[in-house]
Ligand SMILES: [Ca+2]
Ligand SMILES: [Ca+2]
């Protein structure tokens with residue numbers, strides 16, 4: 001694992017993409033067998049927990065690049 005985490009790269013595949021947003025969305029909806037490889041990467045609104053605010057920021061980040 002690289003020491004620097006890519007912001008939003010919640011599935012830890014080395015890049016931030018729509019797949020990460022989808023994964024976080026599933027996790028927030030408590031879809032069974034949804035596991036976050038690196039939940040801290042998704043904590044864009046840094047309060048040490050994941051919620052809809054982080055997903056909003058991830059979506060915005062995806063749109064804005
Ligand atoms: Ca990713
Ligand atoms: Ca957060």
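A short reminder: the numbers here are calculations on the coordinates, not readings from a lab. Remember, predicted model here, so these are calculated numbers, not experimental data. With ideal geometry, Cβ positions are generated from the backbone for all residues, glycine too; neighbour counts draw on all protein chains shown.
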Normalised contact order of the chain, rounded percent, pairs of Cα under 8 Å and 6 or more residues apart: 32 percent
Mind jotting down the three principal axis lengths of the chain based on Cα atoms? Whole angstrom, largest first. 28, 26, 23
Considering only 28, 50, 36, give the residue with the highest GNM mean-square fluctuation for the chain, with springs between Cα atoms whenever their separation is below 10 Å. 28
Between residue 61 and residue 35, what is the FRET efficiency for a Förster distance of 25 Å, r being their Cβ-Cβ separation, to the nearest 0.05? 0.70
How much mean residue ellipticity at 222 nm does the chain get from its helices, if each DSSP H run of length 4 or more adds -39500 (n - 2.57) and you divide by all residues, to the nearest 500 deg cm²/dmol? -11500 deg cm²/dmol
Set the Förster radius R0 to 25 Å, insert the Cβ-Cβ distance between residue 19 and residue 49 as r into 1/(1 + (r/R0)^6), and round the FRET efficiency to 0.05. 0.70
